[in-house]
Amino acid sequence: MTDNIQQIESFLRQQILPQANRLDTDTAALKLALKQLSDRSLLALQVPQSFGGEGLDSTTYARIQILLARTSGALTFLQTQHQGAVAKLAHSHNSYLQQEFLPQAVKVNTLLGVGFSHLRRPGLPIMQAKSTAGGFLLTGSVPWITGYGFFSHFILGATLADGQELYGLLPFANEVQPSGGTIALSSPLKLLAVSATNTVSATISQWFLPSEYLIAINAPGSIHHSSRRKVLSHGLFALGTAYAGLDLLHNLAQAKKLEFLHESWQTLYQELQSQEQQLLAALSAKQTGYKEKLQLRAAAINLAQRCSLAAVIASSGASNYLHSSAGRIYREAMLFTVSGQTTDVMQASLQSLLG
């Protein structure tokens, strides 16, 4: 797999990196880039081989995610929605859905998104599910679904009356059922970063979800346990963004021939490599505790912020241009600071800033 990772890195640097600024805002270009990933079988990396996926181990998958984030935040953010959706579907007990969607999803005839981060929110559920004959009725709002126009369906999360978490597959479109159920999507949200990913919100009213489209019903609070278990996952994107900032800093050091720029790059690069080694080791080490993983996540976020800021400083006033590489990387650092954020991650991130 080492050779494969080198090939992936070469492809990303040669084919994706030169258009990274464009991918941030150009939906059509981003679609083509996503297809390039699919043509190389890079969109079902953790789906078991029995379903046609690559079945990669967590460390190899992590290395690829870092490479992606080092190249394009928009492409990274978009593909991870599909990666998460097909992995969740692959672990479902619904063999009908797996047979219906996984072969197409793996071959990228059908791409899937996700809409369940709202289940982490405290207070009254904003998306509720009610059991009914033959399935469930879904009503509420979804504040964040990425990939409108890219994905045909998305996995919705809703809360049942007893607090259990329901996950089901819905069409990613404005639709009205014969029974009167509706899915109404907003226009793409105005985002500071990765606007080309077409993130929307949704209002869902009395939508009938047949039992055949049920992916899972999990115990109350399961999403919080999942967030703790996967606390390092979004740290991979932060590390990739840190590398992106340092790549730009290195290029500027060579172009401007300023020794202090090179010294800054060298110091930060050594710290980043050490941090990457620690995070990757923690991913596969069963004895690594949650508190230590949380600190590693916060350290990755801190590095993304510092390395992207270093690129901004070295770029001078040019970083303020809308389509500058420094500005894009700085915005991506902001995005991956808050993506998948829990209260614990928020606290750890702030403590990292305070020293």
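The values are calculated or read from the model by the stated rules, or taken from the named source; none is laboratory data. From a predicted model like this one, the values you see are computed outputs, not experimental measurements. Cβ: placed from backbone, ideal geometry, glycine included. Neighbour counts: every protein chain shown. For the accessible areas, the whole protein counts, side chains as well, though only heavy atoms, and no ligand, DNA or RNA atoms are used. Shrake-Rupley method; radii C 1.70, N 1.55, O 1.52, S 1.80 Å.
Data overview
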| item | result |
| --- | --- |
| Positive-end extreme of charge dipole, the chain - chosen from Ser201, Ser211, Gly327 (charges on Cβ) | Gly327 |
| Number of Lys pairs (Cα under 24 Å; 8 or more positions apart or on different chains) in the chain | 13 |
| Value of relative contact order over the chain, rounded to a whole percent, pairs C-alpha under 8 Å and six or more apart | 16 |
| Relative contact order %, segment 123-188, counting alpha carbon pairs below 8 Å whose residues are six or more apart | 25 |
| Probe 1.4 Å, all protein chains present, accessible-area order of Thr288, Thr76, Thr267, largest first | Thr267, Thr288, Thr76 |
| Local electrostatic count, Gly245, Cβ distance below 11 Å [Lys/Arg +1, Asp/Glu -1] | +1 |
| Centre separation in Å (Cα based) which lies between segment 6-36 and segment 285-355 | 22 |
| Accessible area, probe 1.4 Å, largest first, for residues Lys286, Lys291, Lys31 | Lys286, Lys291, Lys31 |
| Mean accessible surface per residue for the chain, computed with a 1.4 Å probe while every protein chain stays in place, in Å² | 46 |
| Distant alpha-carbon pairs in segment 202-333 (separation over 20 angstrom), percent | 57 |
| Fraction of beta bridges assigned by DSSP in segment 49-179 that are antiparallel (%, nearest 5) | 70 |
| For segment 121-180: rounded, prolate or oblate by the Cα gyration tensor [a/c cutoff 1.5] | oblate |
| Three-way shape call for segment 34-129 based on the alpha-carbon gyration tensor, with the a/c threshold at 1.5 | oblate |
| Rounded to 5, the percent of DSSP beta bridges in the chain classed as antiparallel | 85 |
| Alpha carbon centroid spacing (whole Å) that separates segment 243-263 from segment 174-217 | 44 |
| Three-way shape label, segment 1-51, alpha-carbon gyration tensor, a/c 1.5 | oblate |
| Segment 33-74 - Debye-derived log10 I(q)/I(0), Cα point model, q = 0.30 Å⁻¹ | -1.10 |
| Scattering curve values for the chain, log₁₀ I(q)/I(0), Debye with Cα scatterers, q = 0.07, 0.11, 0.12 Å⁻¹ | -0.30, -0.75, -0.89 |
